[in-house]
1. Order these peptides, 70-79, 55-64, by their mean beta-carbon neighbour count within 10 angstrom, highest first.
2. Convert each backbone phi in the range 76-81 into a coupling constant with the Karplus relation 6.51 cos²θ - 1.76 cosθ + 1.60 (shift: θ = phi - 60°), then list the ³J(HN,Hα) values in order as whole Hz, x for Gly and Pro.
3. With a ≥ b ≥ c taken as the square roots of the eigenvalues of the C-alpha gyration tensor of the range 46-94, please select rounded if a/c is under 1.5 and otherwise prolate if a/b is larger than b/c or oblate if it is not?
4. Whole-Hz Karplus ³J(HN,Hα) for the range 34-47, in order, using 6.51 cos²θ - 1.76 cosθ + 1.60 and θ = phi - 60°, x for Gly and Pro?
5. Rounded to whole Hz and in sequence order, give me ³J(HN,Hα) for the range 53-65 from the Karplus expression 6.51 cos²θ - 1.76 cosθ + 1.60, θ = phi - 60°, writing x for Gly and Pro.
Amino acid sequence: MNTSLTAPDMASLFNLVLNMKGRRLTTKWLLNLRLGTHEAIMLRLLRAGMSMEAIADELNTSVKSLYRKRTALSERLGAENFNEACLFIFKNKLLDAVGNDP
């Protein structure tokens, strides 16, 4: 697997680091930018306009569990809330990244 970054990807990552304003800029934080399978599915379904209840049915889990995953994702990324985490993920195309599964 080739893990080298192209120049545009490196520029995007550098911009990402600058936008975080120094919050949690550690190696561990950078490694946490990868989305888990359930996180990616949940975000894709939310982006498609599905409700949390419909997503919970689709993933065969409870709505409360999805809200816990949202909170955990926001905290892991260092975002203030889930909306900020979504903006960060979509703006930096983390959902579209190849090999997103941990």
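Coordinate-derived values only; no laboratory data. Since the model is a prediction, treat every value here as computed from it, not as a measurement. Here Cβ is always computed from backbone atoms with ideal geometry, including for glycine, and neighbour counts include all displayed protein chains.
1. Details: 70-79: 17.2, 55-64: 13.3.
With the highest mean Cβ count within 10 Å placed first, the list reads 70-79, 55-64.
2. Each residue of the range 76-81 in turn: 5, 7, x, 8, 6, 7 Hz.
3. On the way: a/c = 2.67, a/b = 1.52, b/c = 1.76.
It is oblate, given that a/c is not under 1.5 and a/b is not larger than b/c.
4. Residue by residue, the range 34-47 yields 6, 8, x, 4, 5, 4, 5, 5, 4, 5, 5, 5, 5, 5 Hz.
5. So the Karplus estimates, Gly and Pro as x, are 5, 5, 5, 4, 4, 4, 8, 6, 9, 8, 5, 4, 4 Hz.
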